[in-house]
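Read through the structure below, which is laid out as structure tokens, and then see the notes.
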Amino acid sequence: MPVNDIETYNGYPTYWADGEDIESVSLTQGSAAITAPVMNAAGGQITTTMRDPGKKFGGLVDYSYGTLNLERFYGRIDSGEIGHTGLTGYVSFSNGTAKNSLGPGRQMRRHVDFAVKKDFENGDVIKLNGSYVDMDYMYNPNPTKDSWNTYGRSYAWGGTFSPGSSDYWQQNRWKWEQIMLSMPSLFKLPGKTELNVTPYFLEAWQNSPASSTLSETGNYYGTQPVSVTIPGVDESGGSVRSDYVGTQSVGGVNAALSRKFGDHKITLGYWYQYGVDDLSMPFSSVSSSGLTGSAWSLHNVTMGNGEPYLAEKEHTVTQTNALYLQDEVSLLQDRLKIVGGIKALMVNKEGTNGLPGPQYHVGSNNFQPLPRLSVAYKFSKDHQVFFNVTTNTLMPIDDTLYNSYSGGAISTQGNSNLKPEYSISEELGYRYQGNIVHASVALFNYNFTNRQVSSQRYVNNVQVYSTINGGGQTTRGVDFEAGLMPFHGFSPYVSAEYLHATIDNNIQVGNDYLPTAGKTAVRSPHFQGAIGIVYDHRNFFGTFSVKYTGSQYSTFMNDEKMPSYKTLNLSLGYRLPSFGFVKNPEIRVAFMNLTDEKVLSGVASPQLNAQTVTGIHGSSIGGSSPQYYIAPRFTTSMTIAAGF
């Protein structure tokens, strides 16, 4: 099932299954599997698979403690096979808390995973997976370059409240609850035919608040001037909590029918998804000490008619239909494999803007045919060459449809005609898989049109995800990776990438154009490299890794960039002998950012230009400062784990 936020397509791995309940995580570069139910995989696909229930009764318990007062408990019970029914199941629970790594506040995460699996004698399998998460956490502010140079890691929300201020950590505690259910099922049909069917459901509730200020006069509800009532305004000095509240409901089914015909395996599939996304931005009053009510309630700043005062009110329904057909051909005793296919993706969005103004109903329809072809030839036992050409797409996010207002005027114009990002990618490579060394090298070329770059903007001090259309982009480079098979317990690994990504055209701003053609694309470091080593021999095990990321531009005009940085991580462990009913106890110690590098780790909000630029037609185009993510400080934790 897709697990991305349906509004922004962002993925949040901390909301997914606990690590102890994950069987595998895989990354597919360049293209998603044709059967994957996604419409945002223009650069690749991450697949997470939850573990199956154990065949025997048992369980696992672990406890972690570390810096920043980190505490985490995890426990799981496997039922084992129930009678002789073929039914197995498990349920797990975890609870973790820690201090905020930057500034005041704490993080909290409670999580439940469960699975029930039924194995049939004929090979049919039905499995129900479920995850529930309840998170209460701090979302730290993202500094500009100047703010980082001035404050460094101390750039954080204020620790004390001052009436009339918009900088207090208690008003910036985010809340997210989510439940996910999926039922992947495999049915063996006559004639070497298989049917894979996965119905799924996701429900999420979020509140992304921020400290802000508000006056009782001079406000606008959309384009209408209004006066508002703020309870306790004299004590709070006009300080309020600005709540970005959202509810998402997603249901869908993905079904694929596969059958073998000699050397061919034909797969025909259909994916349907129905999603509802409700977003609003109400306000809540705060007390004289800066505190307010529940994340899900209060919202007591009202207009003259008694209705809540809102800065945004959007309701979006998205329906997705996709048909796909694929043929896998295996020739020359499986040495030559050719896979060709096409996916037809249809996405319809219908929405309403509940704020008074010129816009009410919005909508868009997009259709994308996505053909693909891959060839792999194994010319000896250890050597393989491969080539693939694929097409992918990224649909515009909901936010691009809607007007936003400031001071009664339109500050951002909604665009129902924004075209989806479309990419054509080619990859040519070689793999070697010997008894001692595994290695691969790949040349790649991606051509993007309507390149959509995720960014952030602020509405009443709340970070809201937005999109910048970067026009065309050409991305070329080479990937290399190599590793040794275990030798006396040691397994070293190295990887490197050279990247050359350029913007193909000038970007329109108003009635002028920025001279961006030929500039380096944002978030595109020319070089990245990593070296790691794994040790696992008898009772001792551990890993060490160092990663280097080159500098990267944060503006399309290349007039500001983020410096290069490196990180070092180390983990050590020891397995203890089993005793009594306690099985495979072990102790693990992890050290993250071992050398405590004080660095920026990513571009949070790329901008078109940081400095004022003269456009192609001679107009002066003002700049905006990009914002950045701050790398976490050095942390360490110890975990004690045991099965039973």
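The values are calculated or read from the model by the stated rules, or taken from the named source; none is laboratory data. In this text the structure is predicted, and so the values were computed from the model without any measurement. For neighbour counting, all protein chains shown are included, and Cβ atoms are generated from backbone atoms with ideal geometry for every residue, glycine included. Side chains are part of the model used for accessible areas, which takes the heavy atoms of the whole protein and leaves out ligands, DNA and RNA. Shrake-Rupley method; radii C 1.70, N 1.55, O 1.52, S 1.80 Å.
Of the strands (runs of 3 or more DSSP E) that lie entirely inside region 362-475, those containing 3 or more residues that are at pLDDT 85 or above span 383-394, 404-406, 421-433, 437-449. Restricted to region 83-95, and to residues there that are at pLDDT below 95 and of a type outside the set (Gly, Ala, Ser), the residue that is nearest to Arg110 (Cα to Cα) is Thr85.
Within region 90-117, restricting attention to residues that are charged (D, E, K, R) and crowded, with 16+ Cβ neighbours inside 10 Å, which residue is farthest from Ser637 (Cα to Cα)? Per the stated criteria, the residue is Lys117. The set of residues in region 356-381 being surrounded by 13 or more Cβ atoms within 10 Å (Cβ to Cβ), over 22 Å from Ile424 (Cα atoms) and in contact (Cβ under 8 Å) with a residue 60 or more places away in the chain consists of Pro356, Gly357.
Selection of strands (runs of 3 or more DSSP E) fully inside region 487-576 by the criterion of at least 1 residues being small (Gly, Ala, Ser) returns 490-503, 527-537, 540-549, 565-575.
The residues of region 180-213 that are within 30 Å of Met135 (Cβ to Cβ), hydrophobic (A, V, I, L, M, F, W, C), assigned to a strand (DSSP E or B) and open to solvent by 30 Å² or more (accessible area, probe 1.4 Å), listed by number, are Leu181, Phe201, Trp205. All told, Gly414 meets the bar of being within 29 Å of Asp5 (Cα to Cα), out of contact with any Gly (no Cβ under 9 Å at 6 or more places or on another chain) and open to solvent by less than 30 Å² (accessible area, probe 1.4 Å). Taking region 247-282 as the range and being touching a His at 6+ places or on another chain (Cβ under 7 Å) and either farther than 30 Å from Glu307 by Cβ or open to solvent by less than 40 Å² (accessible area, probe 1.4 Å) (or both) as the test, only Pro282 passes. Does Pro199 satisfy being more than 33 Å from the chain's Cα centre (by Cα) and in contact (Cβ under 8 Å) with a residue 24 or more places away in the chain? So Pro199 does not fit the description; no.
Here are the criteria: (1) in contact with a Pro (Cβ under 9 Å, 6 or more places away or on another chain); (2) open to solvent by 30 Å² or more (accessible area, probe 1.4 Å). Tell me which single one Met138 does not satisfy. In the conditions (1) in contact with a Pro (Cβ under 9 Å, 6 or more places away or on another chain); (2) open to solvent by 30 Å² or more (accessible area, probe 1.4 Å), Met138 misses (2) alone. Residues that are within 18 Å of Asn140 (Cα to Cα) and open to solvent by 10 Å² or more (accessible area, probe 1.4 Å) occur at least once in region 224-241. Residues of region 621-640 that are without any contact (Cβ under 8 Å) to a residue 60 or more places away in the chain and in contact with a Ser or Thr (Cβ under 6 Å, 6 or more places away or on another chain): Gly622 alone.
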